[in-house]
C-alpha cells in the first residue's frame, strides 16, 4: 500500500481532515483535480463563521456548527489565518418576525450558542451597525459569529498538513476507485495510488466519487450563489447582517470581509450543471435588491467583482459523514452552509469514525507541529520594519500590485510556500495581488513574469488556474516570425 | 489619377466623409455637380485637403513594432515618417515584423529606408537603451 | 530610513507628472519625481499609434514620440527622479513615504506636492458582466501593454466591449496583426471615444460597431469561448429574445477610465463626483500645497490637454512655494462652481475670488449628447458667459476659457452655475425672464 489514507478533494473540508489526521502516525496524501486547492466551493462562499442557532434541530449540521464555532479560537492561534469574531445580526424588518428571533434565541441558548441577545433599542442597533437600514425593528445579536477568509484558512491547513508529512497532488482528478485486498486502488489521470482508507471530501463531486467506490447512497445537487464585492473604503460594516431566512437559504446577506471590503449575496439557485459558476443578470439584480434592503447605502457603482459559488446540497439536506458499507471508504459529503464553521468539528468526527468504526489504532506522531507561521505581509509592518525588510531582501521594495500594495517578496513567498501557487489565481488568493480594484489590470503581466521565473516555465505557459486557462494563446511578436507573416498574409488577402 | 477614374470613385452623386484631422469630426460632403467635384462642410483647410485625399488616394501613417536585439524591451514602436497608401498598410506591417534591429536606438532614427520603394522611411518612435 | 527635503515632489512620471515637473523646475524649484514604473513616460509609452501633439507641437506624433520630448526635456533640465519607486503614503503635512529596492523606505518632506498618478481602467466587476470568469478577458490597456511593450498577442478572435478610445485603437492594432475583431459592442446609443478613432480604427477595417448592446454572458470555463450579446432598452435593461452568440477567444473591456486617487484621499484631499480631487482654479486640492493634474484629476481625451493642465499645476505649485509656503494660510475666498443642466462634472470645483480677472480654464463634460446648444455660466439667474456649440457629446471634453470683469460678478457671489442648454430652451427662458 502506498498510503494509509487518501483524501479526495482539496477544499476546506479535505484539507482540514488532512491536517487533523497529520497528528497521527499515518501516511497520507490528498488528491485534488484542479490546479490548486481551495478551487471549488471553498473559493466562493460567504466566509462566515456562524454562531449556530440557524439550522433546524433535526439536522446534525446544527450540532457540528455550534461545536465547530468554538474550535476556531485554538485553530486561529495555531494556524494564523485571517479570522475575526465580528458578531452577526439577524435583522427583523417586520413586527411579526420578532417571534422567530425569540425562537432562535431560546433554542440557540439551550443548545449552547453563547451570548445570544435580541435588541430592540434602535439607537443601540444603529451604534452597533450604523449602515443598517432605518427600517430595522429588532435584531438577534450573536457575538460568537464572525468572518474568515475561507481560502486562506484552507491554505493554512494545507501548509500545516504538508509540514506534518501529508503529500499533495494537484491536477490529479480521480477517475476510478477499485476495491483491492485490504484497501483501494485510486486511479487518477496521471497515475494510480493505493491506500487502506479513502476519505471522500470531493464536494460537488462527492456522489460521483462515492459511486466509483461502489457506495451508491446519496446524491449531490449544485446550488449556485452569486456575490458582488465592493471596493474598499467607500462603506464599512462592523457586523455580518442576515435578513430573516427564506426556505432555500439564509437570504441575501451583507457582510464585511476580513480584508475590509463589503460584499452582498448569495442568492440560491438550484441548477443542473455541476460546474456552472457563471453569474447571471437576474441573479445580480436579485442580490442587489436584497442587499439594499439591509444596507441602503451600498456603493453600487463601486463594485469590483462579481462571482458565483456552488454549494453541494445532498438529498438529505444535511451533512453526510459516515463510514460506508465499502469498508475503509468514508464519505464526508453534502457539506453546505454551515460547513465552513463546522470544518474542525467535521475533522474530529472523521477521527472518531477511523477509531470507532474502522478500528484504527491511531498513534500520535512524535514530531507533530500544529503551528503554521503567519505569512509576512507588508501591510502588517511598521515603517521601520519595512525598511529593515527591504535591506534584508530587496524584493520587499518592489511593489507589484498597486491596489493592495503587494511586493514581489509576498508573491514569491506565495509560490515557494508548501503547496504553493502555480498559477495567477493561486497567487491572487494567497497574497491578494490582483485582488483589488483594478483586478490585476496593472500587475498581471508582472505576476506572470515572476511565476514564469519561479516555476521555470515559459511566460506564455503561465495560466490563470491551470489546464486550458492560458492568458496568451496567440503568437509572440518578438520571437516567432514565419507564422506571423503567414497569418497576416491571409488576412491581407481577405 | 485620370479624370475618368476620379469619376468612378464618385459614382454616387454624393459622398460623406467624416473628417479625422482633429477631434471635431466635421462631416464633409463631396458632391458631383455636372462632372465637377464640389467639396463642402469642412471646418479648415486641412480638412478640405484631407477630404480630397481621402476621396482619391487615401493614405495612413503606419504605426507598428519591430523586434529589437539587446534592447531594454523586446520590441520597439516605429512609424512611417509620412502617410502611405492605405491599401499597403498590411503589407508594410508584415514587412516590418520580420525585421530585427539592434539597440541602442534613439527616437527618430531611420530603421528602414525607403520602405516598399515608397520614398518613405520607417523611424523609431522612442529611445531604446541597451538591456542592462 | 532615508530622508529627503524638496520644494516640490511630483508623484508619477507620465505626461502629467513630467509636464508639471518641467514647469516647476523652470520656475526655479528643487523638484523630485517619483515613478513606480521602471522608466519615465507612463501609459503614453504603450500608445504607439499617432494622433498626439497636434495641439501642442502642431505635429502628428505617436505616443512614445510625444512623451520622449518631455522625457528629454526633463533630463536636459537635470530633474532628479526615482524609478521603481512606489509611494505608499502621503501625510496631511506633506510627508511622502515611498519604497524602492535599492534605498528601502524613503521619507520625502515636500513644500508642495503635485499628484499626477493618472487613471486606471474600469474592470468587469465595475460593470457587473454575468457569466464565467475564464482566462482571456483583458482591459484594453492591459492588452495594449502585452502587444506594444511585451510583444505578445493575447488571443486570435476578439470581441471588444465598450467603444472607448483604447478599445477602438486596439481593434485596429489587432486587425493589423492578423487577429479578427468580431465586434465592438457599446451599450450606449453613441460611441464613447473620439470620432476619428471610430472612422480610422473601425470603419476603415469594416469592424462592426454594435450600439445599444451589451455582453450578457461570457462563455468558456477555462478560456473564453464566446459571448452572448443582447440589445438593451433605454434603461440599459436587456431586451428579451435579443440574444446573439459570438464566438471569440478573448474579450477586451474598454468601458471607461477612473482617476486613481487612493493616495489623494489618504493625504486628506476630498474627491468630487468625477472621481478626481476637488480643486480650485490653481489646481490645488483642499489640502494646502497639494496640487493635482492630468488624468488623476479628470480623464482627458487628448494628451495635449494633460500637458497643458500639468504646466499650470507646475507653475501654481511653484507660486505656492514662493509666496504662500510657511506663511499663515489666509482663509480662502472661494466661489463654488456648480454643474447644472446637462453638465456631468466641471473642473475646477472652486474659483478664488481674487483670480476672477485672470484667464480661467473650465473643463466639463455633458451628460447627454445634444445639438445646437449654448454653454452658459450664471450667477443666480444672470448669465455672465455664453458660447454657442453646434454639437456636444460626453466623450468630448468641453473647454471654456474666460476672464470675468469685476463689475460682472457681485462681491458677495458664492457660487456660479455652468450649464449646457439647448438654444431653444434659452429663448424660452428669455421670454419668461
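The values are calculated or read from the model by the stated rules, or taken from the named source; none is laboratory data. In this text the structure is predicted, and so the values were computed from the model without any measurement. Quick reminder, even Gly has a Cβ in these numbers, built from the backbone with ideal geometry, and neighbours come from all protein chains shown.
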*Confirm whether residue C:98 is at negative phi, in a strand (DSSP E or B) and more than 9 Å from chain A (Cβ to nearest Cβ).*
yes
_Residues that are closer than 22 Å to residue B:86 by Cα, at the interface with another protein chain (Cβ under 9 Å from one of its Cβ atoms), modelled with pLDDT of 85 or more and outside any strand (DSSP E or B), drawn from the range B:22-75_ = B:58, B:61, B:62
_Number of the exception - residue A:335 against (1) part of a loop (DSSP other than H, G, I, E, B); (2) more than 12 Å from chain C (Cβ to nearest Cβ); (3) closer than 30 Å to residue C:218 by Cβ; (4) out of contact with any helix residue (DSSP H, G or I) (no Cβ under 6 Å at 6 or more places or on another chain)_ = (4)
*Would you list the strands (runs of 3 or more DSSP E) that sit entirely within the range C:211-315 and hold 1 or more residues that are in contact (Cβ under 8 Å) with a residue 12 or more places away in the chain and over 23 Å from the mean Cα position of the chain (by Cα)?*
C:213-219, C:226-231, C:244-247, C:250-253
*Just checking, how many residues over the range A:381-421 are closer than 30 Å to residue A:22 by Cα and loosely packed, with under 14 Cβ neighbours inside 10 Å?*
1
*Within the bounds of the range A:264-283, is there any residue that is without any contact (Cβ under 8 Å) to a residue 12 or more places away in the chain, more than 21 Å from the chain's Cα centre (by Cα) and over 26 Å from residue C:134 (Cβ atoms)?*
no
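Out of C:78, C:111, I need the residue that is more than 14 Å from chain B (Cβ to nearest Cβ) and in contact with a strand residue (DSSP E or B) (Cβ under 8 Å, 6 or more places away or on another chain). Which one?
Result of the check over C:78, C:111: C:111.
Tell me, which residue of the range A:46-64 that is touching a helix residue (DSSP H, G or I) at 6+ places or on another chain (Cβ under 6 Å) and closer than 27 Å to residue A:414 by Cα is surrounded by the fewest Cβ atoms within 10 Å (Cβ to Cβ)?
The extreme case among them is A:47.
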_I'm told residue C:178 meets every condition in (1) in contact with a helix residue (DSSP H, G or I) (Cβ under 7 Å, 6 or more places away or on another chain); (2) in contact (Cβ under 8 Å) with a residue 24 or more places away in the chain except one. Can you identify the failing condition by its number?_
(2)
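Residue by residue, here is whether (1) surrounded by 20 or more Cβ atoms within 10 Å (Cβ to Cβ); (2) under 12 Å from the mean Cα position of the chain (by Cα); (3) without any contact (Cβ under 8 Å) to a residue 12 or more places away in the chain; (4) within 21 Å of residue C:152 (Cβ to Cβ) holds:
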position	(1), (2), (3), (4)
B:40	no, no, no, no
B:76	yes, no, no, yes
B:104	no, no, no, no
B:114	no, no, yes, no
*Determine which member of the set C:349, C:370 is more than 16 Å from residue C:8 (Cβ to Cβ), under 19 Å from the mean Cα position of the chain (by Cα) and not assigned by TED's automatic domain parsing to the domain that holds residue C:65.*
C:349
*Evaluate the range B:86-99: report whether one residue or more is within 10 Å of another protein chain (Cβ to nearest Cβ), under 20 Å from residue B:124 (Cα atoms), part of a strand (DSSP E or B) and touching a strand residue (DSSP E or B) at 6+ places or on another chain (Cβ under 7 Å).*
no
*Hey, among A:397, A:441, which residue is more than 23 Å from residue A:304 (Cβ to Cβ), facing chain C (nearest Cβ under 8 Å) and touching a strand residue (DSSP E or B) at 6+ places or on another chain (Cβ under 7 Å)?*
A:397
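Listed here are the residues, each with its yes/no results for (1) at pLDDT 85 or above; (2) farther than 20 Å from residue C:229 by Cα; (3) within 11 Å of another protein chain (Cβ to nearest Cβ).
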{"position": "A:277", "(1), (2), (3)": "no, no, yes"}
{"position": "A:296", "(1), (2), (3)": "yes, yes, no"}
{"position": "A:300", "(1), (2), (3)": "yes, yes, yes"}
{"position": "A:304", "(1), (2), (3)": "no, yes, yes"}
{"position": "A:313", "(1), (2), (3)": "yes, yes, no"}
